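To start, the structure itself, in structure tokens.
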Amino acid sequence: MEIVLQNIGKQFKNGTRALDHVTFTIPQGEFVSVIGPSGAGKSTLFRILNGMERPGDGAVLFDGSDISSMSGTARKNVKRSIGTIYQDFCLVE
């Protein structure tokens with residue numbers, strides 16, 4: 001599945017702009033790492049990417065389909081196909 005972020009922007013109610021015109025493509029089968037200082041928008045980016053949060057601006061496309069216009073079932077299927085490992089992860093035995 002190819003993932004495309006087009007002009008993603010996110011501003012919170014307190015006026016903080018977490019993301020501004022973020023655009024990139026992740027080809028099918030690629031692994032991506034995102035690094036940056038605290039407060040740079042990394043967590044916000046991943047919450048938008050995995051469908052937990054909607055962008056204020058722009059679109060997230062999965063194989064050409066905008067996640068915001070997908071049916072609930074299609075959106076759930078996309079979410080299931082994305083794996084995210086955060087910095088402070090916990091493995092359960």
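Could you say whether any residue in the stretch 5-12 is part of a loop (DSSP other than H, G, I, E, B) and at pLDDT 90 or above? Yes, because at least one residue in the stretch 5-12 is part of a loop (DSSP other than H, G, I, E, B) and at pLDDT 90 or above. Do we find a residue being at positive phi, surrounded by 10 or more Cβ atoms within 10 Å (Cβ to Cβ), at pLDDT 80 or above and not in a strand (DSSP E or B) anywhere in the stretch 63-83? Yes, the stretch 63-83 contains a residue that is at positive phi, surrounded by 10 or more Cβ atoms within 10 Å (Cβ to Cβ), at pLDDT 80 or above and not in a strand (DSSP E or B). Checking each residue in the stretch 44-63 for being farther than 25 Å from T16 by Cβ and in contact with a strand residue (DSSP E or B) (Cβ under 8 Å, 6 or more places away or on another chain) picks out L61, F62. Are any of the residues in the stretch 23-43 touching a residue at least 40 places away in the same chain (Cβ under 8 Å), under 18 Å from T84 (Cα atoms) and out of contact with any Pro (no Cβ under 9 Å at 6 or more places or on another chain)? Yes. The single condition among (1) modelled with pLDDT under 90; (2) part of a strand (DSSP E or B) that F89 does not meet is (2). Condition first: more than 16 Å from V4 (Cβ to Cβ), at pLDDT below 90 and surrounded by 13 or more Cβ atoms within 10 Å (Cβ to Cβ). Can you find one or more residues in the stretch 48-56 that meet it? Yes - at least one qualifying residue is present in the stretch 48-56.
Taking the stretch 26-47 as the range and being over 18 Å from K10 (Cα atoms), at pLDDT 90 or above and of a type in the set (S, T, N, Q) as the test, only Q28 passes.
The values are calculated or read from the model by the stated rules, or taken from the named source; none is laboratory data. Model, not experiment: these values are computed from the prediction. Virtual Cβ from ideal backbone geometry, glycine too; neighbours counted across all protein chains shown.
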